[in-house]
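Colleague: My structure is below; once you've seen it, I'll send some questions.
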Amino acid sequence: MSPHPATPHVLVLGGTTEARRLAAGLTARGGVRVTTSLAGRVTRPGTLEGEVRTGGFGGAQGLAEWLRAEQVDAVVDATHPFAAGITANAARAATATGLPLLVLRRPGWRPASGDRWHPVPSLGAAADALPALGRRVFLTTGRLGLSAFAHLSDLHFVVRSVEPPEPPMPPGLEVLLARGPFTVAGELRLLRGHRIDVLVTKDSGGEATAAKLTAARELGLPVVVVQRPALPEGVTALPDEAAVLARLETLQRLGLNRS
């Protein structure tokens, strides 16, 4: 049971820069309890304002039970655009509890003049496209999901992620542990130094990792872009923290717009 039953309570499903900024913005307003939930996949998530919980809820039903027990008034899904399972569970739990669900999603990237993008619907489709595009691959899809490329033994992969990747992985593999933001100059050095001839990325959006797209454009490299999963039916996304805060202010149950 919530220790502050009279205080409006917002659950932020986090793990992104936007979630961190949103928690800070809500906490700074005062008069609202903010809990950020992290999946626990990153060992050093950084400092977060408000309360923090780590680990899963046990699916949609477990999340719904937690929302009731903690007297949550609104849920904000500010997870990664590719965290489709979490978003689906949040939508089902919000429906079960009658709570408002706001989804914060940074806008996706858009191709510019000179880009050689190859949109694909999944990591598996990205793997299928690679042999025809190049032999030395810069893979920036994160540490999870490398199994989709594990069978490509004739290709050489340079994988960049914040945490060490998990097997199964391709046999020809170099791992670069790094966290954005990255610069165009740095990405150009990386692509040239590793003699990369094709880039693979998810359409994560945002500025922190967009420099690789500019660098690939300048070098004329093909880019395999894994498209985002669709949001659950009836769910729409808000593009930034300001839009989420403005929407939260319209919810009378939170009282965030009171003077």
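Colleague: Which of the residues belonging to the stretch 206-220 are in a loop (DSSP other than H, G, I, E, B) and under 22 Å from residue 127 (Cβ atoms)? Full working, then the answer.
Modeller: Taking the stretch 206-220 and keeping what is in a loop (DSSP other than H, G, I, E, B), we get 206-210, 220.
Across the stretch 206-220, the qualifying residue is only 209.
Colleague: Of the conditions (1) assigned to a loop (DSSP other than H, G, I, E, B); (2) under 30 Å from residue 93 (Cβ atoms), residue 246 clears all except one; give me its number.
Modeller: All conditions pass for residue 246, except number (1).
Colleague: Would you be able to say whether some residue in the stretch 189-199 is more than 11 Å from residue 138 (Cα to Cα) and in contact with a Pro (Cβ under 8 Å, 6 or more places away or on another chain)?
Modeller: no
Colleague: Right, here's the next one. Show me the helices (runs of 4 or more DSSP H) found entirely inside the stretch 48-143 where at least 1 residues are in the same structural domain as residue 15 (by TED's automatic domain parsing), in contact with a Phe, Trp or Tyr (Cβ under 8 Å, 6 or more places away or on another chain) and within 25 Å of residue 28 (Cα to Cα).
Modeller: Passing ranges, in order: 59-69.
Colleague: Restricting the stretch 76-104 to residues that are in contact with a Pro (Cβ under 7 Å, 6 or more places away or on another chain) and of a type outside the set (Gly, Ala, Ser), which is surrounded by the most Cβ atoms within 10 Å (Cβ to Cβ)?
Modeller: 87
Colleague: Got a sec? Which of 210, 150, 246 is closer than 30 Å to residue 10 by Cβ and over 19 Å from the mean Cα position of the chain (by Cα)? Write out each step before concluding.
Modeller: Details: 210 fails: over 19 Å from the mean Cα position of the chain (by Cα); 150 fails: closer than 30 Å to residue 10 by Cβ.
The unique qualifying residue is 246.
Colleague: A follow-up question, please. Being crowded, with 16+ Cβ neighbours inside 10 Å, modelled with pLDDT of 95 or more and over 22 Å from residue 81 (Cα atoms), is that true of even one residue in the stretch 199-214?
Modeller: No, the stretch 199-214 contains no residue that is crowded, with 16+ Cβ neighbours inside 10 Å, modelled with pLDDT of 95 or more and over 22 Å from residue 81 (Cα atoms).
Yes or no, residue by residue, for (1) at pLDDT below 95; (2) within 15 Å of residue 234 (Cα to Cα):
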residue: 60; (1), (2): no, no
residue: 75; (1), (2): no, no
residue: 78; (1), (2): no, no
residue: 83; (1), (2): yes, no
residue: 89; (1), (2): no, yes
residue: 93; (1), (2): no, yes
residue: 101; (1), (2): no, yes
residue: 110; (1), (2): no, no
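Colleague: In the set 33, 20, which member is within 18 Å of the chain's Cα centre (by Cα), crowded, with 17+ Cβ neighbours inside 10 Å and free of Cβ contacts under 8 Å to residues at least 60 places away in the same chain?
Modeller: 20
The values are calculated or read from the model by the stated rules, or taken from the named source; none is laboratory data. Everything quoted here is computed from the prediction, not taken from an experiment. In this analysis, Cβ positions are derived from the backbone assuming ideal geometry, glycine residues included, and neighbour counts consider all displayed protein chains.
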